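To start, the structure itself, in structure tokens.
The values are calculated or read from the model by the stated rules, or taken from the named source; none is laboratory data. This one's a predicted model, so the numbers in the text were calculated from it and none came from an experiment. Here the Cβ positions follow ideal geometry from the backbone for every residue, glycine too, while neighbour counts run over all protein chains shown.
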Amino acid sequence: MTSGGVELATDVVLLLALAGFVAGWIDAVVGGGGLVQLPALLLVPGISPVQALATNKLAGIMGTSVSAVTFYRRVHPDLRTAAPMAAAALVGAGGGALLASSLPASVFRPVILVALVAVAVYTLARPQLGRATSLRWAGGRHLTGAVALGAGIGFYDGLLGPGTGTFLVIGLVAVLGYAFLEASAKAKIVNAATNLGALVVFTLQGAPLWQLGLVVGAANIAGAYLGARMAVAKGSRFVRVVFMVVVGGLIVRLGWDVLA
């Protein structure tokens, strides 16, 4: 396969599709599929970091859109929170994507690593966290918190990406007070918006590898559909366990990048 001038062997495409499937499953359950998908794309010879980011967004929006629809049909998340949060995230992601080619990722990795460790410690210290929805605020304060979370995490997604869904879930659980399952359902809607915002900017820059992105995206869809159905069937306790595994994986991955 030739995509965007990059020659790709069949075995490489198949491995990237496998990474897309696993990433779609992880993203659908709790977010953080970029932990698998983006590093796989970055390892391909001839692909620049911006092309990898853009292609990751193309594949990611395919999977997150499917999981968002699946969650909506089965969990019925309240769009009065999800829609404004998604709109703010879309704008934030576009802003982050504009800076993606000019700011080195190494500047942010230590900060993100510390944040992830704090998330892990906080979640482990509160075993009841996210088992049931108990909103911290109502009305305007709730909406303001949701919009601020969406804009901030959306900006991060456009700039770097991996772990976005994880940060969305913990923000919705720890800051706003949602149960893990409902938080994951809302996070998918917001994550689809962040992927769209970043993808629009990357497309204007001519960065996505469309053929490769569509192949990886098709595999991502399959994983996302399976993951969303499993999350709905097994509930918040299952989502919490997967969340901790993904956070642990992100900590190991980013820790290796920082120390290497």
- Note on the structure: Scanning region 162-189 residue by residue, those assigned to a helix (DSSP H, G or I), among the small types (Gly, Ala, Ser), out of contact with any Leu (no Cβ under 7 Å at 6 or more places or on another chain) and closer than 16 Å to Gly235 by Cβ turn out to be Ser184, Ala185
- Taking the options Thr55, Thr10, name whichever one is hydroxyl-bearing (Ser, Thr, Tyr), more than 29 Å from Ser236 (Cα to Cα) and crowded, with 24+ Cβ neighbours inside 10 Å. Thr55
- Message: Among the listed residues Val201, Val239, identify the single one that is under 17 Å from the mean Cα position of the chain (by Cα) and not small (Gly, Ala, Ser).
- Response: Val239
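Does Gly158 qualify as being touching an Asp or Glu at 6+ places or on another chain (Cβ under 9 Å), surrounded by 24 or more Cβ atoms within 10 Å (Cβ to Cβ), modelled with pLDDT under 90 and of a type outside the set (Asp, Glu)?
Taking the combined requirement at face value, the residue does not satisfy it.
Each row is one residue, and each column tells you yes or no for (1) more than 19 Å from Val36 (Cα to Cα); (2) of a type in the set (A, V, I, L, M, F, W, C); (3) at pLDDT 80 or above; (4) buried (at least 21 other Cβ atoms within 10 Å of the Cβ).
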| position | (1), (2), (3), (4) |
| --- | --- |
| Ala100 | yes, yes, no, yes |
| Leu103 | yes, yes, no, no |
| Pro127 | yes, no, yes, no |
| Ala148 | yes, yes, yes, no |
| Gly154 | yes, no, yes, yes |
| Gly165 | no, no, yes, yes |
| Ala187 | no, yes, yes, yes |
- Query: Limited to region 30-56, what total is found for residues that are modelled with pLDDT of 85 or more and β-branched (Val, Ile, Thr)?
  - Reply: 1
- Please tell me if Arg229 is in a helix (DSSP H, G or I), closer than 22 Å to Pro77 by Cβ and not acidic (Asp, Glu). yes
- Task: Those residues that are surrounded by fewer than 19 Cβ atoms within 10 Å (Cβ to Cβ) and touching a Pro at 6+ places or on another chain (Cβ under 8 Å), I need them from region 129-146; list them, please.
- Result: Leu143
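Per-residue answers, yes or no, for (1) closer than 21 Å to Leu135 by Cα; (2) touching a residue at least 24 places away in the same chain (Cβ under 8 Å); (3) of a type outside the set (Ser, Thr, Tyr); (4) in a helix (DSSP H, G or I):
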| position | (1), (2), (3), (4) |
| --- | --- |
| Val201 | no, yes, yes, yes |
| Ala207 | no, yes, yes, no |
| Ser236 | yes, yes, no, yes |
| Val239 | yes, yes, yes, yes |
| Val245 | no, no, yes, yes |
| Gly249 | no, yes, yes, yes |
| Val252 | no, no, yes, yes |
| Gly255 | no, yes, yes, yes |
- Message: Please verify whether Leu214 is surrounded by fewer than 18 Cβ atoms within 10 Å (Cβ to Cβ) and either part of a helix (DSSP H, G or I) or of a type in the set (D, E, K, R) (or both), treating the condition exactly as stated.
- Response: yes
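Identify, from the list Phe238, Phe202, the residue that is among the aromatic types (Phe, Trp, Tyr) and either farther than 27 Å from Pro77 by Cβ or surrounded by 24 or more Cβ atoms within 10 Å (Cβ to Cβ) (or both). Don't jump to the end; show me each part of the working.
Values: Phe238 fails: either farther than 27 Å from Pro77 by Cβ or surrounded by 24 or more Cβ atoms within 10 Å (Cβ to Cβ) (or both).
Going through Phe238, Phe202 in turn, just one is among the aromatic types (Phe, Trp, Tyr) and either farther than 27 Å from Pro77 by Cβ or surrounded by 24 or more Cβ atoms within 10 Å (Cβ to Cβ) (or both): Phe202.
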